[in-house]
Amino acid sequence: MPMSLFKRSPWILHYDGSSCNGCDIEVLACLTPLYDVERFGVVNTGNPKHADILLVTGSVNERNIEIIQNLYRQMPDPKVVVAVGACACSGGIFARAYNIQGGIDQVVPVDVYVPGCAARPESIIDGVVSGIAALEQKRKRSA
Amino acid sequence: MKRTVVPMGPQHPVLPEPIVLDLVLEDEKVVDAIPTIGYIHRGLEALVERVEYTEFGYVVERICGICSFMHGMGYAVAMEEIMAVEVPERARWLRLIWAEMSRIHSHLLWLGLGADAFGFENLFMHCWRTREEVLDIFEKTTGGRIIFSVNRIGGVRRDISDTELAAIVEKLQQLGAGFAATARIFETDPSIRHRLSGVGILSREDAHAVDAVGPMARASGIRMDTRLTGTHLYDRLDFEPVLETAGDCLARVVVRVREISQSIDLIRQAVDRMPKAEGAPIEVKVRGLPTGEVFERLEQPRGEVIYYIKANGTKYLERFRARTPTFANIPAMIKLVKGCDLADVPNIIMTIDPCISCTER
């Protein structure tokens, strides 16, 4: 999907599941001058009610299941979930740790998986762009 | 007066990572703060029972994506001590250089987040733009931006050529010169001064009493830095920790700003003083199974980290434990939050430079 076809500005809600910080920092790095996704209208918001895309880094553990579900529930439809990094996709290196239950898809439906440990900013941006395509499809389906 | 409890977190715009503070308020004053942690707990330390010691270094690195190099280094150094391995000198110098570069990138990252917390977004962008230049050097020398996996028990995986080392020093000095303008804003800008000066004062006595570490302690005038012990070749460098005495949020910012130029200078000294021995061995093969126990200390960007490792002669370690600097600084943060205004809470939380994934592992 070429960037010029963007009709809307996707707002992003970022939640750190139980990541090591690596992917979180790369998500933030996407906003800063070198990558600067804000020029495409991608805004990082702190309010789930404002968000179209939920970016989750890190995997699911006992404690954050509820938080992730809450955030997902509060987002307005249509919405898209992007799992960023190996941990969010499958549990990654921590899959065998006792407190880790696996990837984000255990809790909420995931539309885009972004691989990498840590995921590079380029691949995170690519994931978000794929997320926008999924968002448009959902919008057409619901309309 | 009626008390109100305001829950802050786990998802909050100022927090890059989830932690919950239940703030008990009387009007606008915070009278109590009750932290709840566990949102990032993975059970990393218990993984030693399932991951062989040769591979556990990769897990240790992922305690935290900001200090990943230092965590990997701490594990490697501790295991080398248990197994009585003599590490080639060049590897030790390279570790020191990468460690100081980690400090530069971590402090730049934090200064950005701090600026964002006190509402100076422009400054946030400037700091992170500068940080990308450090990450470029990391990527060139180790292959990774965040997770490097360049440490191994017995040395390091990659060498840096002498010409490249000289180029790195030059690049970092240019970076330092360019950053000077941003640093001046942090130290002198009146709006930052209004926002941070006199906020969240940790006195020298209190810093001692709650065992603050790292820049937090140094901003309160305590001359404490693991690098002063001279381990990991720091005894070959001229080093004097950056101290401030005010103990407020501004002092903690200023300490980190100055530590950036100090780290650049330490790297310059290291490159000057390390033997020009390009192609010299950078690792030794390690064989056998470890037995014994060891404590290891390092000065991370956030303060002192302590590792404890117990090995029992099998390929799985018996115990791995890390006391990370944020864990040591949380009591200080709680102490500071009590009695401050609600609007100052984000600044106080940010100026301890919290790394929750280190704390909870």
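FYI, it's all coordinate maths here, none of it is from the lab. In this text the structure is predicted, and so the values were computed from the model without any measurement. Backbone-built Cβ (ideal geometry, glycine too); neighbour counts: all protein chains shown.
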Right, B:VAL51: β-branched (Val, Ile, Thr) and closer than 25 Å to B:GLU304 by Cα or not?
-> no
Of B:GLY155, B:GLY144, which residue is farther than 30 Å from B:ALA246 by Cα and touching a strand residue (DSSP E or B) at 6+ places or on another chain (Cβ under 7 Å)?
-> B:GLY155
Please specify each residue of the stretch B:298-316 satisfying the condition of being more than 17 Å from B:GLY154 (Cα to Cα) and crowded, with 17+ Cβ neighbours inside 10 Å.
-> B:LEU298, B:GLU299, B:GLN300, B:PRO301, B:ARG302, B:GLY303, B:GLU304, B:VAL305, B:ILE306, B:TYR307
Could you tell me which numbered condition B:GLU86 fails, if it satisfies all but one of (1) surrounded by fewer than 21 Cβ atoms within 10 Å (Cβ to Cβ); (2) under 23 Å from the mean Cα position of the chain (by Cα)?
-> (2)
Scanning the stretch A:80-113 for residues that are under 14 Å from B:ARG42 (Cβ atoms) and of a type in the set (Phe, Trp, Tyr), the one farthest from the chain's Cα centre (by Cα) turns out to be A:TYR98
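With the structure loaded, tell me whether A:LYS49 is basic (Lys, Arg), touching a residue at least 12 places away in the same chain (Cβ under 8 Å) and more than 14 Å from every other protein chain (Cβ to nearest Cβ) or whether it fails that test.
no
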Selection from the stretch B:12-45 of residues buried (at least 16 other Cβ atoms within 10 Å of the Cβ), out of contact with any Ser or Thr (no Cβ under 9 Å at 6 or more places or on another chain) and either among the small types (Gly, Ala, Ser) or within 13 Å of A:ARG63 (Cα to Cα) (or both) yields B:ALA33, B:GLY38, B:GLY43
Just one of B:TRP110, B:TRP98 is in contact (Cβ under 8 Å) with a residue 24 or more places away in the chain, part of a helix (DSSP H, G or I), within 14 Å of chain A (Cβ to nearest Cβ) and crowded, with 23+ Cβ neighbours inside 10 Å; which is it?
-> B:TRP110
The stretch A:97-119 - residue that is part of a strand (DSSP E or B) and more than 8 Å from chain B (Cβ to nearest Cβ) and, of those, surrounded by the fewest Cβ atoms within 10 Å (Cβ to Cβ) | A:GLN101
Residues of the stretch B:2-55 being within 30 Å of B:VAL286 (Cβ to Cβ) and either over 22 Å from the mean Cα position of the chain (by Cα) or of a type in the set (Gly, Ala, Ser) (or both), which ones?
-> B:GLY43, B:ALA46, B:LEU47, B:VAL48, B:GLU49, B:ARG50, B:VAL51, B:GLU52, B:TYR53, B:THR54, B:GLU55
Do any residues in the stretch A:11-30 that are within 7 Å of another protein chain (Cβ to nearest Cβ) have Cβ atoms under 7 Å from those of residues that are crowded, with 24+ Cβ neighbours inside 10 Å and of a type in the set (Lys, Arg), where the two are at least six apart or on different chains, and which pairs are they?
-> A:SER18/B:ARG42; A:CYS20/B:ARG62
Can you tell me which residue within the stretch B:51-74, out of those that are in contact with a strand residue (DSSP E or B) (Cβ under 7 Å, 6 or more places away or on another chain) and either small (Gly, Ala, Ser) or more than 14 Å from chain A (Cβ to nearest Cβ) (or both), is nearest to B:PHE295 (Cα to Cα)?
-> B:GLY74
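Condition check ((1) polar (S, T, N, Q); (2) within 24 Å of B:ASP136 (Cα to Cα); (3) in contact with a strand residue (DSSP E or B) (Cβ under 6 Å, 6 or more places away or on another chain)) across all residues:
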| position | (1), (2), (3) |
| --- | --- |
| A:ASP24 | no, yes, yes |
| A:TYR35 | no, yes, no |
| A:VAL56 | no, no, yes |
| A:GLU62 | no, no, no |
| A:GLN69 | yes, no, no |
| A:PRO76 | no, no, no |
| A:ILE93 | no, no, no |
| A:VAL107 | no, no, yes |
First in the stretch B:75-87 and in contact (Cβ under 8 Å) with a residue 24 or more places away in the chain, second anywhere and among the acidic types (Asp, Glu) and in a helix (DSSP H, G or I), Cβ under 8 Å, 6 or more apart | B:TYR75/B:GLU61; B:VAL87/B:GLU80
Please specify each residue of the stretch B:200-257 satisfying the condition of being of a type in the set (Gly, Ala, Ser), on the phi > 0 side of the Ramachandran plot and surrounded by fewer than 20 Cβ atoms within 10 Å (Cβ to Cβ).
-> B:GLY221, B:GLY230
